[in-house]
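Have a look at the structure below before the remarks.
The values are calculated or read from the model by the stated rules, or taken from the named source; none is laboratory data. It should be emphasised that the depicted structure is a prediction, and the values quoted were computed from it without experimental measurement. With ideal geometry, Cβ positions are generated from the backbone for all residues, glycine too; neighbour counts draw on all protein chains shown. These accessible areas exclude ligands, DNA and RNA; they are computed on the full protein's heavy atoms, side chains included. Shrake-Rupley method; radii C 1.70, N 1.55, O 1.52, S 1.80 Å.
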Amino acid sequence: MALKVLWALDVAKTQYYHFKAIIIAGMGLFTDSYDLFCIPLVMKMIGRIYYPKIHRDVDQKKWFEVPTGIASTMICVSLMGAVIGQLVFGRLGDRVGRRRVYGISLVMMVVASIGCGLSLSKLTPMVFVSLGFFRFLLGVGIGGDYPLSATIMAEFANKQTRGAFIAGVFSMQGFGILLSSLVFMTVCFIFQASADGHNLTTPLELAPSVDIAPVPPESDLAWRIILMLGAIPASMTFYWRMTMPETARFTALVEKNTSQAAKDIGKVMNVPQSTIQEDVEMINTPNTHAAFSNTYPFFSREFLRRHGRDLIAASINWFLIDIVFYSLNLFQYHVFSGHLIPKSQMNIYKDALQIARLQALIAICATIPGYILTVYMIDHIGRVKIQAVGFFFMAISLFAIAKVNMSGDHTDLFIILYGFTFFFSNFGPNTTTFIVPAELFPARFRATCHGISGAVGKVGAITGSIGYMWASRDPPNGLGVSHTLMVMGGVCGLGFFVTYFFTRETRGRSLEENENTDEFTGVCFVRFWPHKFWTRRNEVKGFGLLEMN
């Protein structure tokens, strides 16, 4: 039995609060990406400050590098926190309500962003211990924001433009990546302009007997400011998050209070109360109670029969895309190492600036356009098609990049193909893996299942980040960049397979329709096959009956 309070949401025209909800939820993703993707740039500066020794007997590309173990820990500790945050906050979102825990994740991000810029002392071990602790705390807040933002936006949206609204929330990630680069460049320009020219000597200008490259003492403040500025966009939406109502679907379907759900909708959206009054009056009737009788517990046999395939498919797809997406984003300077000016010719600020420029270029030309096209097309094309096409062209691009890099022909073609990879990741699985888990599952499990899918994805990000850092090293210590890119191309090929055969389309249907699967869901695990098999069987039976008659 469809509740009219939910029907009213599904058919509501796009209005002001939809866009406000996109900003409220999207600012969390904006902050997430700023904090997650500014760390590679920060690690470049930290390497110059805390590891200034010049190793003239090794390749200049390896000068001032933070040891691989420490660098991978600093990058992955926030991802490990995100795994915990997605699981814990996802479950809390279903148990106590989305809004009640939404502000907690935001406070954690604000506090941790400020804490990342602080340390107990300037001793190298203490700097990394302090940074690691607050990065982990930041990751927990970021992880909690994922399932809550996706679920809140999905439950407020109408069914015709729901995909675009959720994609709009996630597209803020692209602008966060761009802002991290722009803030980094701005801070470096300011510090460079105000620095004493004598303190900005390049290693090439030093005497051969000098084995330490000095840096301006104030440069230790620059990276701290960059990290702490990440608290600003998150704090801007704190008031909105604390005053927004609970989603009507949680109130009606989980708390079973349709009267309160109707009041909450009336506070924020232009929905006539008369269109939902019938359900308020019928809340205590036997028919209404029957509508709430589907109470199988989480991870029960019935849950696995109905939703096991969808949960596994969503988790695997997210795992596969994050292996590739985070590897390419966090280690762009490794991929572009053949295009960078040697460190011996750069001071600390210019060395970091060239990486920030490349990251901003990719964000403007590829990442953000991919997000925007997804927002525009997802409710016309569908989630599965966009995800499958994205995985397919990512695989093609990565194989082509590997071939170009292997030939040693470092031309503009390399950068163009690299940009195509990012474009099709965002006009593809990086966005759709965020959307689909928010649409497939019942309201009482929605945030939990999204959190599980995202947590598995972040495990993929950890796997990819650590794997790329070690595998991309030159043989015999690693596979080299080219072979590593080919492996990632194979990962995208596997993602295409999982998407095509196991992922259900959710376009144009209400959330309640999406959670109801056909009777053959538990018969065969592979998408399409049961439907085609039984359709053909019924056609044969019908043809046989006609012949008998």
Let's test the formula: R0 of 60 Å, r as the Cβ-Cβ distance of residue 4 and residue 482. What FRET efficiency results, to the nearest 0.05?
0.55
Residue 344 versus residue 20, label points 7 Å from Cα toward the beta carbon: distance in nm?
6.1 nm
Among 137, 67, 479, pick out the residue whose Cα is farthest towards the positive end of the charge dipole of the chain, where Lys and Arg carry +1 and Asp and Glu carry -1 on C-beta, about the Cα centre.
137
Using the structure shown, list the pairs from 256/458; 53/458; 159/263 with a Cα-Cα distance above 23 Å, or answer none.
256/458; 53/458
Could you calculate the FRET efficiency of residue 513 with residue 372 from 1/(1 + (r/R0)^6), where r is the beta carbon distance between them and R0 is 25 Å, rounded to 0.05?
0.35
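For a test of the definition: using alpha carbon positions, the gyration tensor, and the 1.5 limit on a/c, classify the stretch 106-197 as rounded, prolate or oblate. Display every interim value, and only then the final one.
Numbers: a/c = 4.59, a/b = 1.71, b/c = 2.68.
Oblate, because a/c is 1.5 or more while a/b does not exceed b/c.
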Each label sits 7 Å from Cα toward the beta-carbon; between residue 501 and residue 210 the label points are separated, in nm, by 6.1 nm
Could you tally the net charge around residue 298, taking each other residue with its Cβ under 15 Å from the Cβ of residue 298, Lys/Arg +1 and Asp/Glu -1?
+3
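May I ask you to give the percent of accessible area on the chain that is carbon plus sulfur, with a probe radius of 1.4 Å? Intermediate values should be presented prior to the final figure.
On the way: 14790 of 22240 Å².
The nonpolar share, carbon plus sulfur, comes to 67 percent.
May I ask you to rank 80, 27 by accessible area, largest first, using a 1.4 Å probe over the protein chains only?
Values: 80 90, 27 30 Å².
Result of the area sort, largest leading: 80, 27.
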For a test of the definition: using alpha carbon positions, the gyration tensor, and the 1.5 limit on a/c, classify the stretch 363-456 as rounded, prolate or oblate.
prolate
Can you list, bin by bin at 10 Å, the percent of alpha carbon pairs in the stretch 1-99, starting at 0?
11, 25, 24, 17, 12, 8, 3, 0
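Within the chain, which is the longest segment containing none of the trypsin sites (Lys or Arg not before Pro) that sit in a DSSP loop and have at most 14 other Cβ atoms within 10 Å? Don't skip to the end; give the middle numbers.
On the way: sites that count: 13, 56, 122, 256.
Answer - 257-549.
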